[in-house]
1. Taking θ as phi - 60°, what are the ³J(HN,Hα) couplings along the range 279-292 by the Karplus curve (6.51, -1.76, 1.60), each to the nearest whole Hz, with x for Gly and Pro?
2. Averaging sequence separations of C-alpha pairs under 8 Å and six or more residues apart, then dividing by the length of the chain, give the relative contact order as a whole percent.
3. Mind giving me the FRET efficiency for Lys7 and Lys290? R0 is 30 Å, r the Cβ-Cβ distance, nearest 0.05 is fine.
4. Which value in nm describes the separation of the simple spin-label points at Tyr232 and Met331, placed 7 Å from the Cα toward the beta carbon?
5. Over 27 Å between Cα atoms, which of Lys38/Lys365; Lys84/Lys105; Lys84/Lys366; Lys7/Lys50; Lys6/Lys84 qualify?
6. Carbon and sulfur: what percent of the chain's accessible surface (1.4 Å probe)?
7. Over the range 232-347, what is the mean sequence separation of C-alpha contacts under 8 Å (at least six apart), divided by residue count, expressed as relative contact order in percent?
8. Quick one: if the Förster radius is 30 Å, what FRET efficiency do Ile115 and Leu73 give, using the C-beta to C-beta distance and rounding to 0.05?
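The values are calculated or read from the model by the stated rules, or taken from the named source; none is laboratory data. In this text, all values refer to a predicted model and were calculated from it rather than measured experimentally. Virtual Cβ from ideal backbone geometry, glycine too; neighbours counted across all protein chains shown. These accessible areas exclude ligands, DNA and RNA; they are computed on the full protein's heavy atoms, side chains included. Shrake-Rupley method; radii C 1.70, N 1.55, O 1.52, S 1.80 Å.
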Amino acid sequence: MYELLKKDGMAKRGRFHTVHGTIETPVFMNVGTAAAIKGAVSTDDLRGIKTQVELSNTYHLHVRPGDEVVKKLGGLHRFMNWDKPILTDSGGFQVFSLASLRKIKEEGVHFHSHIDGRKIFMGPEESMQIQSNLASTIAMAFDECPSSVADKKYIQNSVERTARWLKRCKDEMARLNSLPDTINPHQMLFGINQGGVYEDIRIAHAQMITELDLDGYAVGGLAVGESHEEMYRILEAVVPYLPENKPTYLMGVGTPANILEAVDRGVDFFDCVYPSRNGRHGHVYTNHGKMNLFNAKYELDDRPIEEGCGCPACRSYSRAYIRHLLKAKEMLGMRLCVLHNLYFYNTMMEEIRDAIDAGEYKAYKKKKLDGMKQH
């Protein structure tokens with residue numbers, strides 16, 4: 001259940017109540033694709049860096065270790081020792097990213113495992129069954145994420161099929177939630193808006209899926225090749241057609257600047273691999289822009305990554321030491337950078353919530369963006 005606490009322009013400050021606890025929004029979901037954050041980050045670490053929601057991947061967990069295995073072990077929360085909300089994506093994005101390995105039909109998608117090449121079939125019902133076995137807090141509807149450069153006719157047909165799939169997802173989720181052996185009978189379902197960069201297709205699809213009265217609504221198929229300006233334009237066009245009294249989730253986005261701009265356009269859920277992926281390569285986020293700790297200028301720099309930062313890396317270690325670890329290919333170097341980046345994102349979301357509460361979001365956004373351009 002979503003409570004809209006305050007609006008500041010289009011920016012929303014909300015509270016989303018789930019069976020695994022309350023999520024304060026806007027929120028950044030920390031991405032743990034295979035039920036772990038890459039970079040040797042444990043769920044105890046996540047608690048210490050202000051993580052509210054963890055996101056895992058339906059397709060990857062279905063391939064390995066297998067969703068039936070996770071179900072036998074009590075579901076994803078028990079499996080990974082995490083008692084807060086978990087969102088599982090539907091596998092739809094992998095259908096997009098594994099384009100060379102797939103065949104899309106009305107019943108679903110036939111594709112080959114990227115690990116061992118075995119044939120897999122996934123349709124709306126299969127995606128819901130896998131996510132029910134994983135027992136996540138929020139399940140995502142199964143959709144096709146068409147390329148942003150696909151022609152309009154292809155996107156129109158794809159979106160119409162995604163709408164038909166969504167109804168099948170909703171029916172199957174209701175059936176699964178009523179079964180006696182379902183681990184989480186309160187599993188929520190979010191629908192996904194698609195339509196590439198075509199405002200008319202996006203709006204028509206938003207109106208169509210809003211009628212299904214789902215637990216939340218995502219905007220998918222952005223950050224897949226279009227410009228930032230196009231992404232913001234689509235958000236401005238489509239978000240007003242999604243229900244204000246439900247969470248709006250922008251999938252796979254993004255940089256701190258992307259998040260600040262999208263909050264200003266009414267988005268309140270985010271996820272992205274950037275903070276962990278960049279961290280593993282020695283790139284760290286600060287209020288003065290992004291730093292590459294491999295740079296020689298940090299060799300003798302005994303300051304923390306960012307003065308005043310409360311993350312485990314900044315509380316205890318210098319730029320010089322972390323640079324040494326990265327250069328020596330010590331796992332601790334990656335781990336500290338990932339922890340710093342996730343803490344930076346989670347703290348930024350706290351600041352965003354405070355700024356909306358205070359009715360000062362525009363000023364906060366400007367100051368934050370100006371600061372990050374300095375580096």
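1. x, 5, 9, x, 9, 10, 8, 9, 6, 10, x, 8, 10, 9
2. Details: 743 pairs, mean separation 67.0, N = 375.
It rounds to 18 percent for the chain.
3. 0.45
4. About 4.2 nm, to one decimal.
5. Details: Lys38/Lys365 29 Å; Lys84/Lys105 36 Å; Lys84/Lys366 32 Å; Lys7/Lys50 23 Å; Lys6/Lys84 24 Å.
In this structure, Lys38/Lys365; Lys84/Lys105; Lys84/Lys366 lie more than 27 Å apart at Cα.
6. Solvent-exposed carbon and sulfur of the chain make up 52 percent of the total.
7. 23
8. The calculated FRET efficiency here is 0.90.
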